[in-house]
Every structure is written in C-alpha cells, then in structure tokens.
Amino acid sequence: MKQFLRKTMFALVGSMMFGAPAMADNTIVGAEDNSAAFMGAFSQDYTLADNQMLSMEFTNYSSKTDIWHNFYVFVKNDVDAHKVEEDAKLVEYAILRCDNYGWGSLFDHANKNITGYPADWWDATKEGSQTFKNNMDGASVKLYVRREGNRVSIYALMSKDNFVNCWSESLFFDLPQSAATENIRVYLTIDHSHINIDNSKTSITPTKENYYTVGTKDNNALFFSAFSDYYTIEANQTLKVHFKNYSAKGENWQNWLAVVTKNIKRNTDGYEEYLVLRSDHAGWGSKFEAGELTSAYNWDTFKDEMDGSDVVMTLTRSGATFTVYADITASDGTTKRWEQFVGTCDAAETLNFFLTTEKGNLEIQSAVATTISAYGWSTFSSDYALDFAKASEGLEAYMITGHEGNVVKLAKVTGTVPAGTGLLLKGTAGAEYNIPIVGSSATNVSANLLKAGTGAAVSAESGKTTYVLGVNGGNAEFQKITTTAATVAKGKAYLVFNETISAPAMLFEGDITGISAIESAGIAEDGIYYNLSGQRVAQPTKGLYIVNGKKVIVKK
C-alpha cells in the first residue's frame, strides 16, 4: 500500500517543481468537496538550500470527519519524486500532521511532539478533538520551514475567529551529515480536505542572521550552563534585550532567568550576583531581598504561555535605583507585563546583565534589520544601541550636523551609536541590511540634528525648521514642513535645525535634485566647475558643483 501511494504521488506531482513558470494568485490543493484521499493531491515542491526559509500562507478546509483530515507537511531529500523508479531513492525525513503527530526517518515522535495543542486532541472521544476539527475548517495558516546547516525547524501559526494556536519551533530535526550540503524539498498534501495557497505570500528567502540561540533546541540545557552576551549598564542608561522564549514546560521556572551582577563578569574573582530573577515569581541575590518584585501572571497558565512567547526585557538605571521588567507577548497572542523589580545599587558602579535558561532555549535578537527605500536612502532609528562597524557590507550610515545653503553636512558613522539616534542610511535600493545590537554606546551624538520618529505627527515650530525625507523627481530629499504636519513612523527619523531656513528642500551627496535644471542647460564638457546657481568657479572649495554637466562633490 505504501509503495502504491508513493507511486501515485510520483505520478501526480508531475512538473509542479519549484522554479516553474509564475503561478496564479492562488493554488488549490485537493478537491473542494474534500473527497481527495490521503496523498491524493500535492502542492508543488519547494526546494530549500542551506540558510533558506520557506514562508507561506494558506487557508485550510476540512471534512471534519477525523482530526487528521486536514493538511500534512512533508520534508524529504532532494529527489524529483515523479522521476524516481525505486522507492529507496526517496527519503522522507519528516511527515507532520496538523494534529499532534508525525513520522519519518528523522522524526522521533516521542521527543519531537508538536507543542501548543491539548494533549488529548488525538482522542476522538474527548471534547478537545471536536474543538480542533471545527477550528481547523477555514483556519488561516502561516507556515515557516527554516533550514540552517543540518537543522530544519518548522513553525506554523493557525488562527480562526478568536482561536489561535501554533506548532512551536521546538519542532525540529537534524539532517544526517551526509545531507549537510544537499538541498531538501518541502511540499504539502491533504487527507479529505483541501487548502487554498496564497502564492503572493509564498516565498523562499535567506534566513535572517539577526538572532542567536542560548540553550539547546531540545530544551535539555541544565541550569546555568548556557549564557547570553554580557551587557554593561552605566548610570542613567536603559538596556533592552529582545528574545523569543521556548520551554520544556516541565516547571514554571524552566524558562528564562535574568541576572544582574556587580561590575565584573561571571566566574571572575569578586563576582557578585546582585539579582537573579526567574521567569516565575521568584529570585535571589544580595540585592533581591532589599528590593520589590511584583507579577501579574496567572501561574496556572504560565508554562504554556511562555513557550514560544516574545519577550522584551528592559533594565533602566537612574541614580542609585535600577529597575528590571519584561513585556511579554504570549504564544496565544496576548500581551502582558511581567511586573518589575526595583532595587538599589551604588550610583557610581557599573552593572552587568545577562540571560540564562533552564530546560529552555532563547532566541535573542542580536541585530536590527532594515530595508533601504527604492531611492537608495532611508531615515532610521532604533530602540537599541547599534554597531555600524559590523553592519552588513554596503550599508553607510550618517548623522547630519549642519548645512551649507540647501545641502546638509553629513558625518559618517563608523562605530556604535546610542539607542534612539536618528540616522540617514545609504545602500542598495530595496536591499535588507543587518546592524548588530550592542549593550550600550558612549559615542557623543549631541551634534546630530536627526531626531528619532515616535509614530506621532511632527509640526513646524517657531524659530526652527523641520524636514522629513521625501521624493522629488524620483530622487530622495529632505522636504520642509510648513503648515501641514507630517507623521514620522517609529524606526524612522526627521531633521530639525534650530534656525529659520527659507529653503523648501535639503539635498545631500549622491541624490541632488536641485541642480537638474543646470544639468539640462547643456553645459559644455570642458572640465569647468559651476556652483549650484550655474556660476563659474575658478577655485572650488568643499561643496557641490557641476562639472561636464554632472554632479560632483569636492571633499577638501
């Protein structure tokens, strides 16, 4: 029977391979009356090389006769199924049912359970089974399959009405070493159901290298055996660390632990644990008893909510007082505040902060990703301190420190900047760049005239001149705010001069729109320099000029 099903699969897959001609907006897999038997209809194959991720969205429809009458995800070796003549050439690494079950040569059901569902969903006699069947019919599904070296991880978020559930990324397996350099293939099939794939939201992209993992993916790391980076917090600084938390869910505390130490790092002479805060309502350390800890969590549901949760840990210092709290988006989509600890320290000393885990793993965001606009320039700001010396190749960052006429003065950023620094970025249009996060930055940015956007409207102010980045004639420029306020999104920036300027726009190197009229005037290619007013210049100094009808900047 298994051989028959596979041969049926080989015949049906046909030419539906990744890389085929462009598809329609939607692809329906299976019969719309849900009559197709198991492995009777298949999506195309999606081919994943190392460091690639498949992202797709589809709607799932089910006959609701049985809980497994929905969709399946297949991960196999790089074999064209319809060309295989011998079963032995096809290796099924993992077959994952939409309920809590799976099989395959690398899928160990005992250790790789799909998390997030009630344990009794497989049991048709239980109430949870009927709830699952009803919720899966018409459910919206976001599916992600990520390949990083030998590790393949799968995450799916399914929602319908007020129902939200997921397979967490604790669902993973490792490819054999012999397959480390080979592609894998992913496809979907159905059983008495059908799915409607949104092809506009289905793509294969590089995996983002903007996080690192603390702990082990199988959640077996012992307490205090894996650690995040150390973050140094000076007086009157704020640190934010963003991470995804996964847990074995054995006990409440088998999640993250936040550690604050005095001056020096772990395992050195004089090391002192000021504070160790568990993810549940507990902690210890020399400063713990003297402080105050509150929490608004319901501990009965805490273990389930923390698995797959998104956490932003914040530590602030003001004088001799330090505060630690966490904002948590739980796996069910609800947002809660793990209330804060408030303690005291010596105002002159340095604090160190790091995260560890017990029977869990943390995916800590170590970089901020940003995409350059279609015009090659973008404004930017971040809630984190960043290191542009280690940013993706090809990205340039600038502060603005003044202007000459209607041309801004750019100061290139070559190292770190504090959180909340407004910047002007230059790169390849449409390209995404990663900028590493650092614990703090001592760079003096007081001369910078770019301000971080907050999502609020920015208006013209008396005695000041404010500009926002815009487009004129297909080129980027800073455009003056006059009577109409402009909303500057969080993560972007705007420009403020503490003086009244008449120029309606500010230009910058590489994107000068104000001299297009001079260029089109047909200036001869004679090597003569002209200023922005079209006047001949015998001895050009630092600034912008036209030479042979082209834009030129003199830097000395």
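No other residue among 278, 266 is modelled with pLDDT of 75 or more and either surrounded by 15 or more Cβ atoms within 10 Å (Cβ to Cβ) or under 30 Å from the mean Cα position of the chain (by Cα) (or both) apart from 278. Taking the range 318-327 as the range and being open to solvent by 10 Å² or more (accessible area, probe 1.4 Å) and over 21 Å from residue 255 (Cβ atoms) as the test, the residues that pass are 318, 319, 320, 321. The set of residues from the range 472-502 being within 17 Å of residue 380 (Cβ to Cβ) and either in a strand (DSSP E or B) or at pLDDT below 90 (or both) comprises 476, 477, 478, 486, 487, 489, 490, 491, 493, 494, 495, 496.
Just give me the residues in the range 85-113 being assigned to a loop (DSSP other than H, G, I, E, B), in contact with a Ser or Thr (Cβ under 9 Å, 6 or more places away or on another chain) and at pLDDT 55 or above, in sequence order.
So in the range 85-113, the residues assigned to a loop (DSSP other than H, G, I, E, B) come out as 85-86, 90-91, 98-100, 104-113.
From the residues that got through so far, the ones that are in contact with a Ser or Thr (Cβ under 9 Å, 6 or more places away or on another chain) too are 91, 98-100, 112-113.
Across the range 85-113, the qualifying residues are 91, 98, 99, 100, 112.
Taken together, the residues in the range 192-227 that are part of a loop (DSSP other than H, G, I, E, B), open to solvent by less than 50 Å² (accessible area, probe 1.4 Å) and either among the hydrophobic types (A, V, I, L, M, F, W, C) or modelled with pLDDT of 80 or more (or both) amount to 3.
Applying a threshold of 6 Å to beta carbon distances and a minimum spacing of six or more residues, or different chains, the list of pairs starting in the range 277-288 at a residue that is part of a loop (DSSP other than H, G, I, E, B) and ending at one that is surrounded by fewer than 19 Cβ atoms within 10 Å (Cβ to Cβ) and modelled with pLDDT of 85 or more reads 285/276.
Inside the range 328-353, can you point out the residues that are in a strand (DSSP E or B), in contact (Cβ under 8 Å) with a residue 24 or more places away in the chain and open to solvent by 10 Å² or more (accessible area, probe 1.4 Å)? Within the range 328-353, 336, 337, 339, 340, 342, 344 meet the criteria.
Give the residues of the range 30-52 that are aliphatic (A, V, I, L, M), out of contact with any helix residue (DSSP H, G or I) (no Cβ under 8 Å at 6 or more places or on another chain) and open to solvent by less than 40 Å² (accessible area, probe 1.4 Å), sorted by residue number. It would help to see each step written out before you state the result.
Initially, the range 30-52 is screened for residues aliphatic (A, V, I, L, M), giving 31, 36-37, 39, 41, 48-49.
Subset that is out of contact with any helix residue (DSSP H, G or I) (no Cβ under 8 Å at 6 or more places or on another chain): 31, 36-37, 48-49.
Within the range 30-52, 31, 36, 48, 49 qualify.
The values are calculated or read from the model by the stated rules, or taken from the named source; none is laboratory data. All values reported here derive from a predicted model rather than from experimental measurement. Because the Cβ atoms are built from the backbone with ideal geometry, glycine has one as well, and the counts that use them run over all protein chains shown. Keep in mind that these areas ignore ligands, DNA and RNA; they rest on the heavy atoms of the full protein, side chains included. Shrake-Rupley method; radii C 1.70, N 1.55, O 1.52, S 1.80 Å.
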